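See below for the structure under consideration.
The values are calculated or read from the model by the stated rules, or taken from the named source; none is laboratory data. Everything numeric here is computed off the predicted structure, so don't read it as measured data. Cβ placement follows ideal geometry from the backbone for every residue including glycine, while neighbour counts extend to all protein chains displayed.
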Amino acid sequence: MPLKTKTSKRSTKIAVTLLSGLLPIVLGFVILHMQAERALKQSAQQTAEEAIRQFELMLDNTAQAARELLPLAGQSCSEINLALREQVTRRPFVRSTNLLWDDVIYCSSLFGDYHEKIASGDYSQGQLLLMKGNPVTPDTALLVYRLSKGKQGAMSTLDGYHLSNVLRLIGRQTLLALQIGPNWLTADGKFHDEALPAFKVAESKLTSSRYPFSVTAGFPKGETWVYMTSQYPPLFSLLIFFGMISGSIAHFLQKRTSSPTHEMQRALEAVEFVPYFQAVVHGETKAVSGLEVLMRWNHPKEGLVRPDLFIPFAEHSGLIVPMTRSLMQQTATLLAPLSASFKEPFHIGINITANHCQDLELVKDCREFLDAFVPGSIHLVLELTERELIEPTTITHQLFEQLHDLGVKIAIDDFGTGHSSLGYLRQFNVDYLKIDQSFVAMIGIDTLSSHILDSIIELAVKLDLAMVAEGVETQEQSDYLSAHNVNFLQGYLFGRPMPGAEFISALSAH
Ligand code: C2E
Ligand code: CA
Ligand code: CA
């Protein structure tokens, strides 16, 4: 059970550290991704605007040729043929010019006299038509500009080569398409008449306000990532750096908050929590009747550490239960070999916390402890402090019943400092009251405290409970307590807490 809690806590800590490290990286990455998309969108928009501007300039030039020729429409081809050719020569983008009468081309700069009916409905807004090619150059796209006035008509054509050149030069990194009606042209000079496929990234479509054409700009799939890897490597390094810092801070903070527990877990495994024994003597004879086991932390660096400095942490982390178990095992190993020589049952007091009373494990611990001794040679006394009362539940009832059946005694420690009721004492089959040392210290000093002490003694007698007085330091205190029939005494006057081996040799000497 403790092992499970430990591993699950460790995996939570690893998860928190990883999350704290990854969160800034992921967030930063998302922000950079959005930033890259915005930059690409802006670039596509600018490219489309520039292409529109260039095409409008080229169309202005082409339209100018048609405008100059239109008044000549109707005259015979032989008369105007030269004028048609002159426009082709003078205008850089114009490839050919034609004159029409009633939507029939009757004169061409290329062929002179000619006859071909055109479908004016094919022209976008009657003005522009993108064609795959013409009879002379069937594989080179061309853009036809048409102008008409009554039956008069003039047409000038713009070479697709110039158009695709503009698309190629302006849209170096960008995909660009020039669209007129249902037809469109790409930078490779290819003519298309199927539906224009969508550009996957940052598509931007702009329409000219002066001529019926539009330009679509965008990028292929995966371009955002390509852009990020080419533009943001220093920011990526910064993100990883922040992630590492954030992960390390999380790791450090967790380590700091959990280090006492961690350290105590290590100490438990290294058996650094050792028992000290303090003698308990008969009130009358002052002969040693038993001992109280007091925990000490034999710290490799700090030396001997007092229990009040680490027991609260141990209780908080739940480690107090395995620590007490270890203490009981060490005590049994030290004292069991002497048990045959005990003339009457030797009292061994062990301090137990409420934590330890939440399940029936304590019964098992006590049984194992008792089994180590010669049967009947000891009385195991569990000391439960009055400051921390145990909640009566079905489990605690069962627990105390089974402990009672085992012959384990119960003492209320620090009696007089807490709030135990008569009902409480009965419920848990209490055998001893350990009078708190604060009352003992007031003997001969403070009359009020002496009165309280007298009342406690009176109460214990009435309840038929045995008494142990703690913290007996002076002869006066010892005499007073003996005179008041306190059954057992404990304190520096009779012996300080000492290492197990020392206690045993002192006991043997007696
Ligand atoms: P406690 O159970 O009331 O133990 C008695 C304390 O009084 C011990 O302090 C002992 O050294 C001290 N003491 C004994 N005689 C005298 C005296 O004549 N004068 C004075 N001034 N003090 C005396 P210690 O060993 O420092 O333990 C302090 C407390 O730590 C204990 O109080 C107990 O509540 C707790 N503790 C000690 N060992 C354990 C343990 O194994 N488990 C648990 N849960 N608590 C323990
Ligand atoms: Ca005690
Ligand atoms: Ca006490």
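Condition test on R296, is it modelled with pLDDT of 95 or more and not aliphatic (A, V, I, L, M)? Spell out how you get there, then give the answer.
On the way: modelled with pLDDT of 95 or more: yes; not aliphatic (A, V, I, L, M): yes.
Against the criterion (modelled with pLDDT of 95 or more and not aliphatic (A, V, I, L, M)), R296 qualifies.
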Given the criterion within 15 Å of ligand 3 (Cβ to nearest atom), part of a helix (DSSP H, G or I) and buried (at least 20 other Cβ atoms within 10 Å of the Cβ), identify the matching residue among F439, F400.
F439
Of (1) of a type outside the set (D, E); (2) within 15 Å of ligand 1 (Cβ to nearest atom); (3) not in a helix (DSSP H, G or I), N485 satisfies all except one. Which?
(2)
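Test R53 against the criterion of being surrounded by fewer than 15 Cβ atoms within 10 Å (Cβ to Cβ), basic (K, R) and modelled with pLDDT of 95 or more, and give yes or no.
Working: surrounded by fewer than 15 Cβ atoms within 10 Å (Cβ to Cβ): yes; basic (K, R): yes; modelled with pLDDT of 95 or more: yes.
Here the answer is yes, as R53 does meet what is asked.
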Are any of the residues in the stretch 403-413 part of a loop (DSSP other than H, G, I, E, B), within 30 Å of I452 (Cβ to Cβ) and more than 16 Å from ligand 3 (Cβ to nearest atom)?
yes
Consider L384 carefully, then state whether it is surrounded by 17 or more Cβ atoms within 10 Å (Cβ to Cβ), in the same structural domain as N429 (by TED's automatic domain parsing) and either among the basic types (K, R) or within 16 Å of ligand 2 (Cβ to nearest atom) (or both).
yes
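Residues are listed down the side, and each one gets a yes or a no for (1) closer than 30 Å to R325 by Cβ; (2) within 16 Å of ligand 3 (Cβ to nearest atom):
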residue	(1), (2)
K221	no, no
T224	no, no
S230	no, no
L238	no, no
F241	no, no
V274	yes, no
Q278	yes, yes
K286	no, no
With within 10 Å of ligand 1 (Cβ to nearest atom) and closer than 25 Å to P392 by Cα as the only criterion, which of K462, K434 stands out?
K434
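I445: in contact with a Leu (Cβ under 8 Å, 6 or more places away or on another chain) and either closer than 30 Å to D365 by Cβ or in the same structural domain as S377 (by TED's automatic domain parsing) (or both), yes or no?
It is false that I445 is in contact with a Leu (Cβ under 8 Å, 6 or more places away or on another chain) and either closer than 30 Å to D365 by Cβ or in the same structural domain as S377 (by TED's automatic domain parsing) (or both).
Working carefully through the options T393, T474, find the one that is of a type in the set (V, I, T), over 19 Å from V293 (Cα atoms) and within 16 Å of ligand 1 (Cβ to nearest atom). Steps first, answer last, please.
Numbers: T393 fails: within 16 Å of ligand 1 (Cβ to nearest atom).
Within the list T393, T474, the selection yields T474.
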The correct count of residues that are surrounded by 13 or more Cβ atoms within 10 Å (Cβ to Cβ), polar (S, T, N, Q) and farther than 30 Å from L147 by Cα in the stretch 209-258 is 6
Considering the stretch 397-427 alone, what residues qualify as being of a type in the set (A, V, I, L, M, F, W, C), under 50 Å from the mean Cα position of the chain (by Cα) and over 25 Å from A372 (Cβ atoms)?
I412, F415, L425
Of all residues in the stretch 281-325 being more than 10 Å from ligand 1 (Cβ to nearest atom) and assigned to a helix (DSSP H, G or I), the one that is surrounded by the fewest Cβ atoms within 10 Å (Cβ to Cβ):
H316
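Could you say whether any residue in the stretch 252-270 is part of a loop (DSSP other than H, G, I, E, B), within 13 Å of ligand 1 (Cβ to nearest atom) and farther than 26 Å from P345 by Cβ? Before the answer, list the steps.
Of all residues in the stretch 252-270, those part of a loop (DSSP other than H, G, I, E, B) come to 270.
From what is left, the residues that are within 13 Å of ligand 1 (Cβ to nearest atom) are none.
Within the stretch 252-270, not a single residue is part of a loop (DSSP other than H, G, I, E, B), within 13 Å of ligand 1 (Cβ to nearest atom) and farther than 26 Å from P345 by Cβ.
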Based on what the data block shows, is L453 crowded, with 16+ Cβ neighbours inside 10 Å, within 19 Å of H282 (Cβ to Cβ) and away from ligand 1 (no atom under 13 Å from the Cβ)?
no
